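The values are calculated or read from the model by the stated rules, or taken from the named source; none is laboratory data. Remember, predicted model here, so these are calculated numbers, not experimental data. Cβ atoms come from the backbone with ideal geometry, glycine included; neighbour counts cover every protein chain shown. Quick note on the areas: whole protein, heavy atoms, side chains included, nothing else; ligands and nucleic acids left out. Shrake-Rupley method; radii C 1.70, N 1.55, O 1.52, S 1.80 Å.
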Amino acid sequence: MKEAAIEIHDLCFAYSSDIPVLTEVRLDIWPQDSACIVGPNGGGKTTLVKLILGLLPPDSGSIRIYGQAPAEARRRIGYVPQYARYDACFPISALEVVCMARLGSNFSGRYTKQDKQKALNALEAVSLADLAQRPFAALSGGQRQRVLIARALASGGDILILDEPTASLDRESEQQLLGLLADLNKEMAVLMVTHEVGFSSTFFKRIICVNNQVYVHPTSELTGELIREMYGGDLNMIRHDHRCCPEGHQHD
């Protein structure tokens with residue numbers, strides 16, 4: 001049996017002792033798996049991602065990334081944040097942005113020829129190698145998003161996590177991103193935090209619903225009714241009489 005890419009057992013977390021954010025979370029993500037993380041604001045989506053990245057320690061339970069603790073396995077995860085803060089006047093090229101993923105890869109503190117080649121390979125993977133020397137600020141929104149994905153890929157990981165990558169993209173750029181993710185998914189697991197449930201259902205195999213607890217649905221069961229139940233109110237994200245195990249949807 002394959003080793004899980006991400007394995008979460010009985011995880012609990014709270015920022016304060018009296019307000020739990022995540023409770024008894026169980027979730028397995030497999031190599032070349034694809035899943036989108038959805039749920040209401042404040043439900044725990046971002047907190048779950050931070051726990052997977054090792055930026056927060058769980059209060060109880062465990063998280064393993066290919067059998068390692070998150071802090072030991074950070075190089076195995078490429079992360080694309082929702083908002084990339086940058087100074088539009090800062091003279092940095094697309095290639096230099098991608099090279100940032102190689103910081104700490106050696107003791108010299110400088111980028112090696114190997115680092116630059118990995119960055120170029122990552123830009124090639126997102127079809128932007130011809131814009132390697134273009135100023136990052138001069139790129140379109142969709143191109144900047146692809147550069148940030150290239151930066152995540154240049155770290156050499158086996159898991160790609162994206163936080164709301166379609167938030168500032170037009171429909172054409174969304175479709176280009178979808179095609180890119182489909183290609184990347186042949187080599188790595190892909191997780192994406194999103195509110196675009198309809199868009200995500202055309203690519204992802206599973207929907208991870210987060211609202212204090214985690215429920216998992218295969219996208220084949222995604223219907224208008226289920227979407228209304230997930231987003232029909234601030235608290236009623238999903239019908240809890242349809243309990244889902246980490247492997248998919250099951251009826252009690």
(request) Name the residue, out of I149, I159, that is hydrophobic (A, V, I, L, M, F, W, C), in contact (Cβ under 8 Å) with a residue 24 or more places away in the chain and closer than 14 Å to A122 by Cα. (result) I149
(message) Against the definition (part of a helix (DSSP H, G or I) and at pLDDT 85 or above), how does L180 come out, yes or no?
(response) yes
(message) Restricting to the stretch 77-118, give me the number of residues that are modelled with pLDDT of 80 or more, surrounded by fewer than 19 Cβ atoms within 10 Å (Cβ to Cβ) and either within 17 Å of the chain's Cα centre (by Cα) or of a type in the set (S, T, N, Q) (or both).
(response) 5
(message) Suppose we keep only residues that are of a type in the set (S, T, Y) and open to solvent by less than 50 Å² (accessible area, probe 1.4 Å) within the stretch 183-226. Which one would you say is modelled with the lowest pLDDT?
(response) S200
(message) So, in the stretch 41-70, exactly how many residues are in contact with a His (Cβ under 9 Å, 6 or more places away or on another chain) and small (G, A, S)?
(response) 2
(message) touching a Leu at 6+ places or on another chain (Cβ under 9 Å), assigned to a loop (DSSP other than H, G, I, E, B) and closer than 22 Å to I52 by Cβ: is that true of T166 in this structure?
(response) yes
(request) Taking V126 as the residue in question, decide whether it is crowded, with 22+ Cβ neighbours inside 10 Å and either within 22 Å of A5 (Cβ to Cβ) or of a type in the set (D, E, K, R) (or both). (result) yes
(request) Return the total of residues in the stretch 2-22 being closer than 16 Å to R64 by Cβ, open to solvent by 30 Å² or more (accessible area, probe 1.4 Å) and either touching a Phe, Trp or Tyr at 6+ places or on another chain (Cβ under 7 Å) or not in a strand (DSSP E or B) (or both). (result) 2
